[in-house]
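Worksheet: the structure to be examined is printed underneath.
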Amino acid sequence: MRARVPGSDEPRVEFPSESLAHRGVLIQEAENDIQAQRKTFAAGELPRRLMAADFRRVPQYSFDVLIVGSGAAGCTAAFSAAQEGASVAVLSKGVLTESNTLYAQGGMAAVLAEGDSVEEHAADTLRLGCGLSEETVVREVVGEGKRAVELLASLGAEFDQDQHGELDLTREGGHAHPRIIHAKGDTTGMEIQRALTGSLLNHPNIASFPNGFVVDLLFDAEGVFGALVCNDKNELVAFCAPQVVLATGGAGQLFRETTNPAIATGDGVALAFRAGAAVQDAEFFQFHPTCLYIAGAARVLISEIVRGAGGILRDRDGHRFMREFHADAELAPRDVVSRAVFRRMVKTGDTNVYLDLSEVSGDPHQLFPRISRICRFFGFDIAKDPIPVRPGAHYMIGGVQVRPDGSSTVPGLWAVGECASTGLHGANRMGSNSLLEAVVLGTRTGRAAALAEGNAALHSRLYSSIQQSESQERAGFDVNIQDVTYSLKSLMWRQMGVERNAVDLADALQKVELWSRAVGVLAPPNPRTWELLNMLLIARLSIHSATAREESRGVHYRTDFPEQVEAWRAHTVLTPDVGGGDAASLRGMWMSAVPVARIPKSGQALAASQQSQSSSTAAAQ
């Protein structure tokens, strides 16, 4: 069994770990006959920068730490860095409150009740991770649950309480105990976002810059030192900082059916990859099994709390089918429920299944006010009428490969939250662990970035760095951005969705590579084009990884390889070949597999590894 590059005739080669060590890529040599493969890009095929800039004419800001993203992870990172005395800038693609966090209904997991324990929460997380969760990371994150709740409360977040004035804890799929806190039933994310945004706006060390699109990261051979931003006036602005933290959220908009907001287009992972950072586990996208499916309505998530309260999934004939798929029925892990719903839709020839709330204890309108309000608008009384639901892309498990402190494989670049791959979730995220991860690791990453040493000569680096895109001859006609975007989303839903196979993946890759070339050459330089190019890059990376993983594990299900394979208990890692460090285009990428628990624990060793190969070897050991 080997990781292969689809469509490539290149000979298989051993992964050259020593040759990459001088760039800080501390990836271990592959084991179990899963060998690294190299994919070569044509000249100019994958430019590292989307926009040329003359920095003599671009306004510039300087800060100690630059945070890209204003959800739970970005806000906690910013607050933590500012508490260490760093000057912090927070960039957001839309308004500060627009993030995946805002739409999180489920809640946040934390061990708070008698009879529960950190050990049991860790065991649940590891079990759901299907062998790919990093145990050290899991134990560290879940062990900080109580402290994370206390931090949010200190910033003004208010969570639901029971009749005794204690936090009202509920149970969701995969959790052995009630340990999920909520705010006003199904508006937990909104409450957390409100409190965290307030902490940003009121902190003297934090400056916020909403409605800006990050076009490119600023980087040179030494690493990352800022970002080039297109603001809401369509003007370019350079933000310089020795430490840049990506907290850009997920990429649900890659798929036709998704619970994610319009801003979730994978920008952070694409920015990091072009800057030279390794991307891990790109094949793992979690699909939420119950999204509202009504023509004309956004694919609103119907949270697990509804099923946890007694909601039942039925098909068009009223048959309760989940007991046929898992002993926990509606409270089975999300990947199990999603596949069960998908297969039931196929078997019954229906476009959806139905969520029946008639047996819920209590008044569904009071328990789930937001869901009730949305459904009522479309003529559904959730207390009596079954709600039409189907799966939708919900969470990007893979992302920028980071160490426990949030540092990436490129000096000066950090990542946290959904855009980072920490090893917490493994192959299948457990519900309500993501907000916990955002707060715990956001706090840790922000502090580490604030205390990290970096090259302070930002402006000299700015003027000396290469800021150009390789020019390509235009074909004399334009490309329809809207049509390509919709085609991509439909393709990914059909061929990279709940179930996958080699034939569909190869076809999808061919189309995505064609669209990438067309958009890169023909589309005008503006945020819509740049956003689509980011989406196409993430699609490309995820298809490569999904093709390489010839097994089924967690949310990655291959109909042609339906069994889990022990030799594939490893993370897929895509490492860009940056050539000269600050070259205009990527030369290719390495595809490799890293056994679980082989990722180095110390990200701070990366900067030292840039100085000499001997120091990088010591860090790897």
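Taken about its Cα centre, the stretch 304-380 carries a charge dipole of about 240 debye when Lys and Arg each add +1 at the Cβ and Asp and Glu each add -1 at the Cβ. Between the amide H of residue 401 and those of 278, 279, 280, 421, distances stay under 5 Å, these residues lying 5 or more places away or on another chain, with hydrogens modeled in the peptide plane. Listed values for the stretch 237-254 are Karplus-derived 3J(HN,Hα) couplings in whole Hz (6.51 cos²θ - 1.76 cosθ + 1.60, θ = phi - 60°), namely 9, 9, 10, 9, 7, x, 10, 10, 10, 8, 9, 8, x, x, 9, x, 5, 5, and x replaces Gly and Pro. Rounded to the nearest whole Hz, the Karplus-based 3J(HN,Hα) values (6.51 cos²θ - 1.76 cosθ + 1.60, θ = phi - 60°) of the stretch 71-84 follow the sequence x, 4, 5, x, 5, 5, 5, 5, 5, 5, 5, 5, 5, 8, with x at glycine and proline.
Normalising by residue count, the stretch 253-293 has a Cα convex hull of 73 Å³ per residue. Going by accessible surface with a 1.4 Å probe and the largest first, 130, 375 read 130, 375. Karplus-based coupling profile of the stretch 91-99, in residue order and whole Hz: 9, 10, 5, x, 5, 4, 7, 7, 7, with θ = phi - 60° in 6.51 cos²θ - 1.76 cosθ + 1.60 and x standing for Gly or Pro. Each Lys and Arg adds +1 at its Cβ and each Asp and Glu adds -1 at its Cβ; summed about the Cα centre, the chain shows a dipole of about 1080 debye.
Each residue was assigned an accessible area with a 1.4 Å probe, and for residue 443 the value is about 30 Å². All other residues whose Cβ lies under 15 angstrom from that of residue 69 are scored, Lys and Arg at +1 and Asp and Glu at -1, for a net of -4. A quarter of the convex hull surface defined by the alpha-carbon atoms of the chain gives 26.2 nm² as the mean projection.
For residue 489, the lysines whose Cα comes closer than 16 Å to its Cα, not counting residues fewer than 8 places off in the same chain, are 511.
Placing 97, 409 in order of accessible area, with the largest value first and a 1.4 Å probe, yields 97, 409.
Only helices enter the 222 nm calculation for the chain: every DSSP H run of n ≥ 4 contributes -39,500 (n - 2.57), and dividing by all residues gives -9500 deg cm²/dmol, rounded to 500. Between amide H atoms placed 1.01 Å from N, distances below 5 Å from residue 62 occur with 240, all of them 5 or more places distant or on a separate chain. Ordered by solvent-accessible area of protein heavy atoms (1.4 Å probe), largest first, the residues 182, 394 come out as 394, 182. Taking the chain as the reference, fit the longest principal axis to its C-alpha atoms, fit the long axis of helix 188-201 to the helix C-alpha atoms, and give the angle between the two in degrees, 0 to 90, nearest 10. The helix 188-201 is inclined about 40 degrees to the chain.
Set the bar at 23 Å for Cα to Cα. Now go through 146/184; 347/384; 39/93 and name every pair that lies beyond it. From 146/184; 347/384; 39/93, over 23 Å: 347/384; 39/93.
Taken over the stretch 129-197, the alpha-carbon convex hull comes to 119 cubic angstrom per residue. Computed over protein heavy atoms with a 1.4 Å probe, the accessible surface of the chain works out to 37 Å² per residue.
For the chain, what's the relative contact order in percent, using C-alpha pairs closer than 8 Å and at least 6 residues apart? RCO, the chain: 24 percent.
Using the Cα gyration tensor of the stretch 74-135, with a ≥ b ≥ c the square roots of its eigenvalues, what is the shape: rounded (a/c below 1.5), prolate (a/b larger than b/c) or oblate (neither)? It comes out prolate by the Cα gyration axes. Taking a ≥ b ≥ c as the square roots of the eigenvalues of the Cα gyration tensor of the stretch 182-290, is the shape rounded (a/c under 1.5), prolate (a/b larger than b/c) or oblate? Judged from the Cα gyration tensor, the stretch 182-290 comes out oblate (a/c at least 1.5, b/c at or above a/b). From the Cα gyration tensor of the stretch 270-383, with a ≥ b ≥ c the square roots of its eigenvalues, which class applies: rounded if a/c is under 1.5, or else prolate if a/b is larger than b/c, or else oblate? Judged from the Cα gyration tensor, the stretch 270-383 comes out prolate (a/c at least 1.5, a/b above b/c). How big is the antiparallel share of DSSP beta bridges in the chain, given as a percent to the nearest 5? Bridges in the chain are about 70 percent antiparallel.
What you get for the stretch 153-292, charging only the Cβ of Lys and Arg (+1) and of Asp and Glu (-1), is a dipole of about 140 debye around the Cα centre.
The GluC sites (Glu not before Pro) found in the stretch 103-205 that occupy coil by DSSP, while having at most 11 further C-beta atoms within 10 Å, are 114, 166. Using a 1.4 Å probe on the protein chains only, how many percent of the accessible area of the chain belongs to carbon and sulfur? Carbon and sulfur together cover 50 percent of it.
The values are calculated or read from the model by the stated rules, or taken from the named source; none is laboratory data. All values derive from a computational prediction rather than experimental measurement. Here Cβ is always computed from backbone atoms with ideal geometry, including for glycine, and neighbour counts include all displayed protein chains. We work out accessible area using only protein heavy atoms, side chains counted, and drop any ligands, DNA or RNA first. Shrake-Rupley method; radii C 1.70, N 1.55, O 1.52, S 1.80 Å.
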